[in-house]
Each structure stands twice: as C-alpha cells, then as structure tokens.
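In what follows, a structure is listed as structure tokens, so that the remarks can point back to it.
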Amino acid sequence: VQLQASGGGLVQTGGSLTLSCAASRRTVSNNAMAWFRQAPGKEREFVAGISWNGGNTLYADSVKGRFTISRAYAANTMYLKMDSLKPEDTAVYYCAAGRRSIASSADTEYTSWGQGTLVTVSS
C-alpha cells in the first residue's frame, strides 16, 4: 500500500492546517490509520489514530482538543485538522496504515508509511 501525505506548510502560532493522506488501494479501508510526527532531534511520536470505520479515535495528550482526525472511507483518504498550532507542533508528519482495524499509539502496529509532510509553526 502506498500512502501520500500532503498539506504541510508554514503557519503562525495559533493558526490552522489540514493534512491529507491518500492511500493507493482500498485494502486500507479495513485497517486503522494514524498520524505520527518527528521533530528535529527527537524520536517519532504518535499524534492521532482512527479505526477502520472512523468510529473510534485516539489522540496524544499534547494534541487533544486541538487536532481532529477523520477519514473519508469511500475516498480512502485520512485527514488531520490542526487548530491552535504551537511552535512545538513543528515536525515532519507521517501517515500510516495499521495491521489491525482498531487504532493504536504504537508505531509497531503500522505496516505502511507515507513519505511525510513538513509542518512549521512560527512563533
């Protein structure tokens, strides 16, 4: 499965961005998907995950209440709406498709990864 992430860019503190992740095949429609991010000099971390049908979502504490994950089942696309962005949200954001139908925060549960899109939040 190929995943294509897009939508990153430069935004000021307090601004918003929406990331998209398009999957190449419908097989991901039965799998959980998630967003991870990696800031310069830091390890990759979980941001948000969504179950196969969008019925369950999972968020890192650092983004809860500011980010919203969703997916368009028919379009095989996942989104991450990011509001109230902070400089500490600056990172390369990666989308991933999981081996199971329920989202997990563990990166070992994800078998397909997109190339990443850079989000830069200026102070």
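The values are calculated or read from the model by the stated rules, or taken from the named source; none is laboratory data. It should be emphasised that the depicted structure is a prediction, and the values quoted were computed from it without experimental measurement. We place every Cβ from the backbone using ideal geometry, glycine too, and count neighbours over all the protein chains shown. Just the protein is used for accessible areas: all its heavy atoms, side chains included, with ligands, DNA and RNA removed. Shrake-Rupley method; radii C 1.70, N 1.55, O 1.52, S 1.80 Å.
The value of relative contact order for region 4-123, using C-alpha pairs under 8 Å at least six residues apart, is 36 percent. One compactness figure for region 74-123 is 1.34, namely its Cα radius of gyration divided by 2.2 N^0.38 Å. GNM remark for the chain: springs join alpha carbons under 10 Å apart, and the peak mean-square fluctuation among Ala23, Ala96, Ala75 falls on Ala75. Rg over Rh for region 12-103 works out to 0.97, using Cα positions for both radii and the Kirkwood form for Rh.
In the chain, the DSSP beta bridges split such that about 90 percent are antiparallel, to the nearest 5. Sum up the charges of everything whose Cβ sits under 12 Å from the Cβ of Glu45, counting Lys and Arg as +1 and Asp and Glu as -1, but leave Glu45 out. That sum, taken over residues with Cβ under 12 Å, equals -2. Of the whole protein surface, Lys81 contributes about 90 Å² of accessible area at a 1.4 Å probe radius. With each label modelled as a point 7 angstrom along the Cα→C-beta vector, the Arg25-Arg99 pair spans 1.7 nm. Cα centroids of region 68-123 and region 5-36: 5 Å apart. Taking Ile69, Ile102 and ordering them by how much accessible surface each has at a 1.4 Å probe, largest first, produces Ile102, Ile69. For the options Thr90, Thr13, Thr108, a Gaussian network treatment of the chain with springs between C-alpha atoms closer than 10 Å singles out Thr108 as fluctuating the most. Per-residue accessible area (protein heavy atoms, 1.4 Å probe) orders Glu43, Glu109, Glu88 as Glu43, Glu88, Glu109, starting from the largest.
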